[in-house]
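Structure first, then comments.
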Ligand code: SER
């Protein structure tokens, strides 16, 4: 059995319910583009909301971290990884958590305890030394010399605010050297394999820390790193997770791994992440913004390295690699089989788009470099590479750094923004990495969308279904199935109905339930496949019930006045309404 199966079995036997991996895009957290840790989808439950599966949970979660994207190419960095996690939501705490981690490592995985060391929270002015964890480790036979006390490294929080707490981290001695008696966490022969966070606090935006309603445990173990350790390899890409992917790239390119490990790792990593992003039910496609931009960067960077390996770019090399990855993972992630063709299409389309200009772009780049009389590629040249040849700025930076040159990236971003404003396409935020969508006004629009959907059903017919929606701070757009242009009377009725419900001050309720129950209860839903097994359903009195990630207002009275400003055709059989809300 592999690590993932062993882990899930072990915790299921200890009364944990396995929960499915959440989609790669967080449903309710606009501060990040992708889920970066197993706990992220569980934040509401760590904050106190009851989880429908109970108080002991475990899973493997698809995680994507792109802040280290440019580091990929060495032996340890990956943009996608799976995180194993077990959670206690106000159930067990330090004692069981530490004991079970220790037993899993030493008994299930047969790691000798002499190869293990741990850190515990040293204490600071607010929170005292974690003596309970320290004593527990000693009682399990970990020598005191192998327990390091640290302050900053032993307090865990996902971002700036939210559930947090002291943690204890478990390290493995990954070297053939003699194991030092005293553990030094800064000695990089010791690698961290597991992090057990004791989440009992909540940090607010003003920096204050208060107790959560319950004491929780959140643990995380990276699959790729631990697998490499268990298999005794010092390069993650030589473990069973990657070996066959690397072999295939080697076969396709006719290049030996040792001859260009960097390009092979980049191709392997980026294609795998692109497979997971494009197969996700979130339906992400390459674009110039947000998640789509990351997907584009990954594919384009992989192509550039395929080019370096002299792979015939027009062959189906990317499909062969993607297909191997899908085969390896489809047992664990159904979306891979469901969306296999989508993945191949996304890769191929993006390849064709980029390939048309890549060679010319590189020639142009070399021309630019040869004519430079400074060590910096200025913003205009960087912009030309972006605009004419489709080079993500990061690609220009990478090519430049290979030639010891700098790029005026800040200048480029200014120019990029100017250009965006001029061409009146999407405005701010593209490079900040955040998603829009959770401001107060957008939240109001979200709820107004549900009311509009319900009103259309009452006025136009119950076979009206939502086909899409788009919300900005200035307006909402709503697409729905309908075979005729709405009459003035219908429009007026719809508007009146929505305003009537707003005036009736109806509470908006949010419930968690299984997808099956949600559908049985008659909840509306646009793309059922997009949702995990457990879903959030928002109900507005008995007017509307929809599967939705939110966010929504608490009461319809918060919305303001609703007004339809336009009704037009969108595509065959689909109409589009644009509406605004105002304060009066
Ligand atoms: N949230 C912690 C981490 O990501 C433990 O799961 O390390």
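The values are calculated or read from the model by the stated rules, or taken from the named source; none is laboratory data. Small disclaimer: the values here were computed from a predicted structure and weren't measured. Please note: Cβ atoms are built from the backbone with ideal geometry, for glycine as well, and neighbour counts cover all protein chains shown.
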**OP:** Identify the residue in region 147-178 that is more than 16 Å from the ligand (Cβ to nearest atom) and touching a helix residue (DSSP H, G or I) at 6+ places or on another chain (Cβ under 8 Å) and, among all such residues, is nearest to residue 202 (Cα to Cα).
**Re:** 149
**OP:** Evaluate region 549-571: report whether one residue or more is modelled with pLDDT under 90, under 25 Å from residue 333 (Cα atoms), touching a strand residue (DSSP E or B) at 6+ places or on another chain (Cβ under 9 Å) and assigned to a strand (DSSP E or B).
**Re:** no
Subject >> Count of region 59-71 residues which are surrounded by fewer than 22 Cβ atoms within 10 Å (Cβ to Cβ) and either assigned to a strand (DSSP E or B) or free of Cβ contacts under 8 Å to residues at least 60 places away in the same chain (or both) >> reply: 4
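Out of the residues in region 42-54 that are within 18 Å of residue 513 (Cβ to Cβ) and touching a strand residue (DSSP E or B) at 6+ places or on another chain (Cβ under 7 Å), which is farthest from the ligand (Cβ to nearest atom)? Talk me through it step by step, then tell me what you get.
Within region 42-54, the first condition is being within 18 Å of residue 513 (Cβ to Cβ), and the residues that meet it are 42, 44-45, 49-54.
Those left that are additionally touching a strand residue (DSSP E or B) at 6+ places or on another chain (Cβ under 7 Å): 42, 45, 51-54.
On the way: 42: 9, 45: 13, 51: 16, 52: 21, 53: 17, 54: 19 Å.
By that ranking, first place goes to 52.
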Subject >> Contacts under 9 angstrom Cβ, first residue in region 78-92 being on the phi > 0 side of the Ramachandran plot, partner more than 9 Å from the ligand (Cβ to nearest atom), 6 or more apart >> reply: 90/48; 90/55; 90/212; 90/213; 90/214; 90/215; 90/216
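Of all residues in region 206-228, which are under 26 Å from residue 62 (Cα atoms) and part of a strand (DSSP E or B)? I'd like the intermediate steps shown before the answer.
At the first step, the residues of region 206-228 found to be under 26 Å from residue 62 (Cα atoms) are 215-228.
The answer is 215, 216, 217, 218, 219, 220, 221, 222.
How many residues are at pLDDT below 70 and either within 22 Å of residue 364 (Cα to Cα) or exposed (fewer than 13 other Cβ atoms within 10 Å of the Cβ) (or both) if we restrict to region 388-428? First the steps, then the outcome.
First, pick out the residues of region 388-428 that are at pLDDT below 70: 422-428.
Filter once more, keeping what is either within 22 Å of residue 364 (Cα to Cα) or exposed (fewer than 13 other Cβ atoms within 10 Å of the Cβ) (or both): 422-425, 427-428.
The total comes to 6.
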**OP:** Answer with yes or no whether residue 235 is more than 16 Å from the ligand (Cβ to nearest atom), within 25 Å of residue 82 (Cα to Cα), surrounded by fewer than 19 Cβ atoms within 10 Å (Cβ to Cβ) and modelled with pLDDT of 95 or more.
**Re:** no
**OP:** Please indicate, with yes or no, whether at least one residue in region 188-202 is surrounded by fewer than 20 Cβ atoms within 10 Å (Cβ to Cβ), part of a strand (DSSP E or B) and within 13 Å of the ligand (Cβ to nearest atom).
**Re:** yes
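Among the listed residues 338, 280, 312, identify the single one that is under 20 Å from the mean Cα position of the chain (by Cα) and over 22 Å from residue 65 (Cα atoms).
Details: 280 fails: over 22 Å from residue 65 (Cα atoms); 312 fails: under 20 Å from the mean Cα position of the chain (by Cα).
Answer to the selection: 338.
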**OP:** Determine whether residue 129 is modelled with pLDDT of 95 or more, surrounded by 14 or more Cβ atoms within 10 Å (Cβ to Cβ), over 27 Å from residue 3 (Cβ atoms) and out of contact with any helix residue (DSSP H, G or I) (no Cβ under 8 Å at 6 or more places or on another chain).
**Re:** yes
**OP:** Give, as residue ranges, the strands (runs of 3 or more DSSP E) completely inside region 127-177 that count at least 2 residues that are within 16 Å of residue 97 (Cβ to Cβ).
**Re:** 162-173
**OP:** Give just the number: which of (1) part of a helix (DSSP H, G or I); (2) more than 15 Å from the ligand (Cβ to nearest atom); (3) at pLDDT 95 or above does residue 100 not satisfy?
**Re:** (2)
Original post:
Has region 490-505 got any residue that is in contact (Cβ under 8 Å) with a residue 12 or more places away in the chain, more than 20 Å from residue 566 (Cβ to Cβ) and in contact with a strand residue (DSSP E or B) (Cβ under 6 Å, 6 or more places away or on another chain)?
Top reply: yes
Original post:
Among (1) touching a residue at least 24 places away in the same chain (Cβ under 8 Å); (2) over 26 Å from the mean Cα position of the chain (by Cα); (3) under 30 Å from residue 265 (Cβ atoms); (4) more than 16 Å from the ligand (Cβ to nearest atom), which single condition is residue 110 missing?
Top reply: (1)
**OP:** Please work out which one of (1) farther than 30 Å from residue 572 by Cα; (2) assigned to a loop (DSSP other than H, G, I, E, B); (3) touching a strand residue (DSSP E or B) at 6+ places or on another chain (Cβ under 7 Å) is the condition residue 535 fails and give its number.
**Re:** (2)
Subject >> Pairs, first within 16 Å of residue 97 (Cα to Cα) and modelled with pLDDT of 90 or more in region 12-39, second within 16 Å of the ligand (Cβ to nearest atom) and outside any strand (DSSP E or B), C-beta under 7 Å, six or more apart >> reply: 14/100; 39/46; 39/158
